[in-house]
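Take a look at the structure below.
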Amino acid sequence: MNSPSILLLLPLGVAALNYLLLKKQQNIAALVSTLSVIATFIVSCTLLSSTAVVEPYRWISIGDFHLEIGIKLDKLSTGMMMVVTGVGMLVHIFSLAYMKEDEARGRFFTCLSLFMFSMTGIVLSSNLIMTFIFWELVGLSSYLLIGHWYQKDSAADACKKAFLTNRIGDFGFMIGILLLWNITGTFAFDAMKLPAGLGDGVLVAALLCIFCGAVGKSAQLPLHVWLPDAMEGPTPVSALIHAATMVAAGVYMLFRVETSLPGCFDGNMAGNVIAWIGGITALAAALMATQQDDIKRILAYSTLSQLGYMVMTVGLQSGEAGMFHLFTHAWFKALLFLGSGAVIYACHHEQDIWKMGGLLKKMPITGYTFLLGYAALIAVPFTSGFWSKEEILAAAWHHNQALFWIAVFVAFLTTFYMTRLFVLAFLGKTRSENAEHAHEVGPLMFVPLVLLAVMAVISAKLGDFSIAEKINAIKPKAHDHAGIVLGASIGTLVLGLLAGFALYRGRDKDPISIPLFRNRFGIDGIYDNIIVRYFQDAFAAIVHFFDELLINGLLVGGVTRGAQSLGLLLRRLQSGNLQTYAALFGFGVLLVIYLVVF
């Protein structure tokens, strides 16, 4: 078995082994899953410096139509595999301690392995059909992990919300795949080519339908509502979903399409729609984050906002900048989520930042590693987030200055709400008994935090994994109007820090109250109280009508009653009375004579 096949099949084999053989041996299941992801990370690292050729397997052949199962290895996929397996490895190690008391930890690690298999499949897929299959498996895996504590109504509702919301986007994605196949005549990324004379309308329709898949998976407006609720799953799941796997899949897929069809987003409505949805999502999510009190929800809305950045760059024909930010963001966002998990664990599952405080002294390793993740997210110079954010701002300045100023304002908001979080949770005095008794976590938790903190600083130097010939290696570089971009970046950083410290240092309650932001612009309420209630109830009423009146009443019910009536008639004929049988026999003889003679 070659190295790429190990990447794909080892997590699947481990998931099957854990489910079939190790259900009762939960500690062994956890260890086997962790060892398998360590092995896949090592294999991913070897692929960065070597080339491997994997012969495709012909899956379906109908006439001239052939569909293959193939593994695509290039700088993009091998670099992305390093992110997926690297973050996945550290999440597994962290989970060994975080989930040690969980009675269903065997199931948890089994689902983690299934998740790793699904995401690996998306990264390595050589065609859109394979991508779609693994895309759906990622949806299943996230459903199982978000709903791990399904005994809680909130967790059960959250996993259903994530699953159903993503199905909406995936339906559009499926239509887009078929439209793109109709245009190019192939599902394979390497063989795609736009025919001469193709009208913009057909291409735009295909690209926007493809984008629907990314809207669901990468939680863009208006299908963003599932991602914050996904916090109901265990914190390591949040780190995995938000950092390098599920939400990254949408951006990765869009960039893969862009590199397979160079210029497909250039000069048409699809690119503009994608860019503006990304920009508006980044802004709306950042505004919502400023008024959240749950530490994990703040980070969740931060992820939404950063994903908006990435999607915006794809629409601006600068997807390489988005992929660069995806690469750096994966490490420091995993650090922030696992750091929040360590805080929650130490504070006896307290998640309200207003009930924390003073944790930097009580948890110095967690606190200072979290500080580095916070610095990378707000783009402090020379952290990884600074270099990738500069690429995004430069791309926006070059292509659409309105989106540039939106991105600049989002950068200010990011600094503001993350400063608010850090000041309230880690500085000042403790504000609850849970925080008072907090203490540093063990090495299985803080070692992943330390490694991620290192990557939060240096990962920008490792981000050269672009595959498009027109795009140079993704590194910090000079831009036109670099002074404006850099000035705006540093200015928003300083203003955000000053505003955050001035407003929240030493506070016991929030000096700002904006219900519109706290209530998430009422979008969730619209879904729950209007769309779900009326559309779902109306659809349920229609289904009930067909089920009770037509199916049960006329079809199934009518046939059943007819059979019962016939059975009653025949039962009367089988009375056991010899005189009745003799009379029926005589009647039968007369009927036969009549039919023969006449």
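The values are calculated or read from the model by the stated rules, or taken from the named source; none is laboratory data. Keep in mind that this is a model prediction, so the values were computed, not measured. Glycine gets a Cβ as well: all are built from the backbone with ideal geometry, and neighbour counts include every protein chain shown. When the accessible area is computed, the model is the full protein with side chains, heavy atoms only, and any ligands, DNA or RNA have been set aside. Shrake-Rupley method; radii C 1.70, N 1.55, O 1.52, S 1.80 Å.
What the table shows:
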{"read-out": "Karplus 3J(HN,Hα) series, Hz, for the stretch 185-191 with 6.51 cos²θ - 1.76 cosθ + 1.60 (x for Gly, Pro)", "value": "x, 8, 9, 6, 4, 6, 9"}
{"read-out": "For S125, distant residues with modelled amide H under 5 Å away", "value": "K72"}
{"read-out": "Simple label model, 7 Å out from Cα along Cβ direction - I523 to W59, nm", "value": "3.3"}
{"read-out": "Enclosed volume per residue, in Å³, of the convex hull spanned by Cα atoms of the stretch 67-192", "value": "100"}
{"read-out": "Ellipticity estimate at 222 nm from DSSP helix runs (n ≥ 4, -39,500 (n - 2.57)) divided over the chain, nearest 500", "value": "-23000 deg cm²/dmol"}
{"read-out": "Accessible area of H224 in the full protein assembly, 1.4 Å probe (Å², nearest 10)", "value": "10"}
{"read-out": "Descending semi-axes in whole angstrom, ellipsoid equivalent of the stretch 332-440, from the Cα gyration tensor", "value": "32, 13, 10"}
{"read-out": "Net charge of neighbours whose Cβ lies under 14 Å from the Cβ of M445, counting Lys and Arg as +1 and Asp and Glu as -1", "value": "-1"}
{"read-out": "By average C-beta atoms within 10 angstrom, highest first, the peptides 399-412, 314-327", "value": "314-327, 399-412"}
{"read-out": "Translational diffusion coefficient (Stokes-Einstein; Kirkwood radius from C-alpha pairs) of the stretch 143-274 at 25 °C, 0.890 mPa s, in µm²/s", "value": "156"}
{"read-out": "Ranking by accessible area, most exposed first, for L283, L223, L578 with a 1.4 Å probe", "value": "L578, L283, L223"}
{"read-out": "The chain: angle of helix 443-458 to the longest principal axis, Cα-based, in degrees nearest 10", "value": "60"}
{"read-out": "The stretch 75-85 - phi-based ³J(HN,Hα) in whole Hz, Karplus 6.51/-1.76/1.60, Gly and Pro as x", "value": "5, 5, 5, 5, x, 5, 5, 4, 5, 4, 6"}
{"read-out": "Cα convex hull volume per residue for the chain (Å³)", "value": "235"}
{"read-out": "Kirkwood-based Rg to Rh ratio, the stretch 193-333, C-alpha trace", "value": "1.01"}
{"read-out": "Among the listed pairs K362/K429; K100/K429; K24/K100; K296/K389; K72/K389; K100/K296, those beyond 19 Å (Cα-Cα)", "value": "K100/K429; K296/K389; K72/K389; K100/K296"}
{"read-out": "Principal-axis tilt of helix 319-346 within the chain, Cα atoms, nearest 10 degrees", "value": "90"}
{"read-out": "Cut-off under 5 Å, modelled amide H: who pairs with W59 long-range", "value": "L67, E68, I69"}
{"read-out": "Helix 295-315 vs. the chain, principal-axis angle (Cα, 0 to 90°, nearest 10)", "value": "90"}
{"read-out": "Å² per residue, accessible surface of the chain at 1.4 Å", "value": "43"}
{"read-out": "Estimated vicinal HN-Hα couplings, Hz - the stretch 57-73 in sequence order (Karplus 6.51, -1.76, 1.60; Gly, Pro = x)", "value": "9, 6, 8, 10, 9, 10, x, 7, 8, 10, 10, 10, 9, x, 10, 9, 10"}
{"read-out": "Set of aspartates and glutamates with alpha-carbon distance to K509 below 19 Å, sequence-local pairs under 8 removed", "value": "D293, D294, E350, D352, E433, E436"}
{"read-out": "Sites T580 and E548, calculated FRET efficiency, Cβ-Cβ separation with R0 35 Å, nearest 0.05", "value": "0.30"}
{"read-out": "Rounded, prolate or oblate (a/c below 1.5 giving rounded, otherwise prolate when a/b exceeds b/c) for the stretch 8-50 by Cα gyration tensor", "value": "oblate"}
{"read-out": "Alpha carbon centroid spacing (whole Å) that separates the stretch 195-264 from the stretch 22-87", "value": "21"}
{"read-out": "Contour minus Cα-Cα distance for C45 and R561 (0.36 nm per residue)", "value": "178.9 nm"}
{"read-out": "Whole-percent pair-distance distribution, where bins are 10 Å wide, for the alpha carbons of the stretch 15-133", "value": "13, 36, 30, 17, 4, 0"}
{"read-out": "Whole-angstrom gap from the stretch 129-170 to the stretch 301-350, using each part's C-alpha centre", "value": "20"}
{"read-out": "Stokes-Einstein diffusion coefficient of the stretch 250-375, Kirkwood radius over Cα pairs, 10 °C, 1.306 mPa s, in µm²/s", "value": "100"}
